[in-house]
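Scroll down for the structure; my scribbles are underneath it.
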């Protein structure tokens, strides 16, 4: 496996030559820059890597090694000695059945030697919970994430063998003699009483334990309630369908004072059980190390790639310490592993012991590729 990384900034343009990986099969590109949205960005990359599938999305922070940056574009070109790559894309129309659409993408990629699928999706127009459910159609492991837009939550973009656009979903099939592993950990702890979501629709919760959801949430937050919805990033919700099911995390995106509702970054089904969660900085950084341990194959002596998809909520909580979670990942995987990725509006990954993909919030999700 041969890997090259290049970076674009407004001042320096593209900083490195791509000549040593001109035969790349796959280029992963992540960006928090208006330039990413232009046809020129895609054409520049296509000129540099004429044989590659070029795919990626807008971000809430771009990862290059153990650093995070904004206002730039980072492209990671990969040439496989034994693996192969195929891609399927779809554009979401109003009222689209996202589950069916995701299933059709998986069907398009299906083959006997399909090892894994990477997915990058619009982060605002696509219901991530339905996307994850549809991706589970064929029993293939899937990881990926929802595109970000900084902390603006305005519009997100996906590039997939064409200039970036909103409303797009890209699925990348990885085939052949590849070793693919993933790890997904959060570092958040539940607290308080377990309650029942008594009224909700999709990702909007109206009542918890038959009480207005926002009023109950504010009661827990105390003085921090005045800073909603921003302070809600520090208190996500743990959600599970029943007592025997493993919970998933849902991040608060918005509140409606008039309707007394809470809007989360993923579905919170009516009738599910929920608890508030909290964390500390050490727990978040430790969970990044746990994700790296889970994603590290037994034999990782050769060059490899680690795709990092972490939640924008983690970045906002960690602040200036955010790069420490990337440093922990690099330490665990070793210098021979190249790190690239982005901060997202949602992470797609299985639990460590369950094949099915889920939409997660507030996690560090890693996918490693080795030959």
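The values are calculated or read from the model by the stated rules, or taken from the named source; none is laboratory data. Fair warning: this is a prediction, and the values are worked out from it, not measured in the lab. We place every Cβ from the backbone using ideal geometry, glycine too, and count neighbours over all the protein chains shown.
Step by step: first the residues of segment 15-33, then only those that are outside any helix (DSSP H, G or I) and more than 25 Å from the chain's Cα centre (by Cα), then the one that is nearest to residue 172 (Cα to Cα). Which residue is that?
Per the stated criteria, the residue is 23.
Specify which of the listed residues (119, 126) is in a loop (DSSP other than H, G, I, E, B), within 17 Å of residue 361 (Cα to Cα) and either in the same structural domain as residue 305 (by TED's automatic domain parsing) or under 16 Å from the mean Cα position of the chain (by Cα) (or both).
126
Tell me, yes or no, whether segment 150-157 has at least one residue that is within 18 Å of residue 54 (Cβ to Cβ) and touching a strand residue (DSSP E or B) at 6+ places or on another chain (Cβ under 9 Å).
Yes, segment 150-157 has at least one match.
Across segment 193-215, which residue is surrounded by the fewest Cβ atoms within 10 Å (Cβ to Cβ) among those that are in contact with a strand residue (DSSP E or B) (Cβ under 6 Å, 6 or more places away or on another chain) and not in a strand (DSSP E or B)?
Out of the qualifying residues, it is 210.
Kindly provide the set of residues from segment 246-260 that are out of contact with any helix residue (DSSP H, G or I) (no Cβ under 6 Å at 6 or more places or on another chain), surrounded by 15 or more Cβ atoms within 10 Å (Cβ to Cβ) and in a strand (DSSP E or B), ordered by number.
If the condition is that a residue be out of contact with any helix residue (DSSP H, G or I) (no Cβ under 6 Å at 6 or more places or on another chain), surrounded by 15 or more Cβ atoms within 10 Å (Cβ to Cβ) and in a strand (DSSP E or B), then 248, 249, 250, 253, 254 are the ones that fit.
Which of the residues spanning segment 18-35 are touching a helix residue (DSSP H, G or I) at 6+ places or on another chain (Cβ under 8 Å), more than 11 Å from residue 6 (Cβ to Cβ) and in contact (Cβ under 8 Å) with a residue 40 or more places away in the chain?
Passing the criteria: only 31.
Please determine, by comparing only the residues of segment 19-43 that are more than 24 Å from residue 309 (Cβ to Cβ) and modelled with pLDDT under 95, which one is surrounded by the fewest Cβ atoms within 10 Å (Cβ to Cβ).
Per the stated criteria, the residue is 19.
Check segment 216-230 and report whether any residue there is surrounded by fewer than 22 Cβ atoms within 10 Å (Cβ to Cβ), part of a helix (DSSP H, G or I) and in contact with a strand residue (DSSP E or B) (Cβ under 8 Å, 6 or more places away or on another chain).
yes
If you go through segment 291-308 one residue at a time, how many are in contact with a helix residue (DSSP H, G or I) (Cβ under 9 Å, 6 or more places away or on another chain) and within 22 Å of residue 345 (Cα to Cα)?
Matching residues across segment 291-308 total 5.
Any idea which of (1) in contact (Cβ under 8 Å) with a residue 60 or more places away in the chain; (2) buried (at least 16 other Cβ atoms within 10 Å of the Cβ); (3) over 21 Å from the mean Cα position of the chain (by Cα) is the one residue 270 doesn't satisfy?
Of (1) in contact (Cβ under 8 Å) with a residue 60 or more places away in the chain; (2) buried (at least 16 other Cβ atoms within 10 Å of the Cβ); (3) over 21 Å from the mean Cα position of the chain (by Cα), only one is false for residue 270: (2).
When only residues in segment 34-74 that are assigned to a loop (DSSP other than H, G, I, E, B) and under 18 Å from the mean Cα position of the chain (by Cα) count, which is farthest from residue 288 (Cα to Cα)?
Looking at residues that are assigned to a loop (DSSP other than H, G, I, E, B) and under 18 Å from the mean Cα position of the chain (by Cα), I get 70.
Residue by residue, here is whether (1) part of a strand (DSSP E or B); (2) touching a residue at least 40 places away in the same chain (Cβ under 8 Å); (3) within 23 Å of residue 204 (Cβ to Cβ) holds:
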site: 266; (1), (2), (3): no, yes, yes
site: 277; (1), (2), (3): yes, yes, yes
site: 289; (1), (2), (3): no, yes, no
site: 294; (1), (2), (3): no, yes, no
site: 309; (1), (2), (3): yes, yes, no
site: 315; (1), (2), (3): no, yes, no
site: 327; (1), (2), (3): no, yes, no
site: 340; (1), (2), (3): yes, yes, no
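Would you confirm, using the coordinates I've provided, whether residue 132 is touching a helix residue (DSSP H, G or I) at 6+ places or on another chain (Cβ under 7 Å), in the same structural domain as residue 361 (by TED's automatic domain parsing) and either buried (at least 21 other Cβ atoms within 10 Å of the Cβ) or at positive phi (or both)?
Spelling it out, it is not the case that residue 132 is touching a helix residue (DSSP H, G or I) at 6+ places or on another chain (Cβ under 7 Å), in the same structural domain as residue 361 (by TED's automatic domain parsing) and either buried (at least 21 other Cβ atoms within 10 Å of the Cβ) or at positive phi (or both).
For the subset of segment 173-192 comprising residues that are in a strand (DSSP E or B) and in contact with a helix residue (DSSP H, G or I) (Cβ under 8 Å, 6 or more places away or on another chain), which member is nearest to residue 159 (Cα to Cα)?
173
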